[in-house]
Each structure stands twice: as C-alpha cells, then as structure tokens.
Amino acid sequence: MLTKNEGTIDRVLRVVIGLALLIWFYLDQSGGFWHYSKLIGIIPLVTGLVGTCPLYQVLGVSTCRVKT
C-alpha cells in the first residue's frame, strides 16, 4: 500500500485545481491541443483524493505531518 505523503492543505489544493481544470475542459469546447491539455487535471484530482503523490515519493518529499 502507498504511504500518505500529502498534508491536508496540499490535498485540498490538488482537488480544487484538478476539479477546476476538468470543469473548464467540459465548459470550453473549443478543441485543439490546449483544450485537451486541461485533462491533466485528472492527475492532481486523483493524487489529492488518494493522499499519495508518486513524484513526492521519488523525491523523498512529504507535506504530511504524521508519519505513516
């Protein structure tokens, strides 16, 4: 199982940013590269909901106060 390495503020910001990008993707139907690049919002949304960031693990970073 993956260890939690994101603090509360980090997780909330990731979820908010991820949702904002995905909502923007669905509301703006212009097309093209920049339109589909908004789907990158899936990554912060999922990592925020799960509480684990694989990049943080590789870099040895943790914003979580409690060691699990």
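For the chain, the solvent-accessible area of protein heavy atoms averages 74 Å² per residue (probe radius 1.4 Å; ligands and nucleic acids excluded). Listed values for the stretch 41-46 are Karplus-derived 3J(HN,Hα) couplings in whole Hz (6.51 cos²θ - 1.76 cosθ + 1.60, θ = phi - 60°), namely x, 5, 5, x, 5, 5, and x replaces Gly and Pro.
For the chain, the relative contact order comes to 52 percent (Cα pairs under 8 Å, sequence separation of at least 6).
What the Cβ-Cβ distance of HIS35 and THR8 gives, at R0 = 25 Å and to the nearest 0.05, is a FRET efficiency of 0.20. Mean residue ellipticity at 222 nm, helices only, the chain: -17500 deg cm²/dmol; runs of at least 4 DSSP H residues each add -39,500 (n - 2.57), and the sum is divided by the number of residues. Spin-label pair VAL66-LEU19: with each label point 7 Å from Cα along the Cα-Cβ axis, the two points sit 2.3 nm from one another. Charge dipole (Cα centre; +1 on Lys/Arg Cβ, -1 on Asp/Glu Cβ; no other charges) of the chain amounts to roughly 260 debye. For the chain, the longest principal axis of the Cα atoms and the long axis of helix 8-27 meet at an angle of about 10 degrees.
The values are calculated or read from the model by the stated rules, or taken from the named source; none is laboratory data. The structure presented is a predicted model; accordingly, all values stated were derived computationally and were not measured. Note that we place each Cβ from the backbone using ideal geometry, even for glycine, and neighbour counts take in every protein chain shown. What goes into the accessible areas is simple: the full protein's heavy atoms, side chains included, and nothing from ligands, DNA or RNA. Shrake-Rupley method; radii C 1.70, N 1.55, O 1.52, S 1.80 Å.
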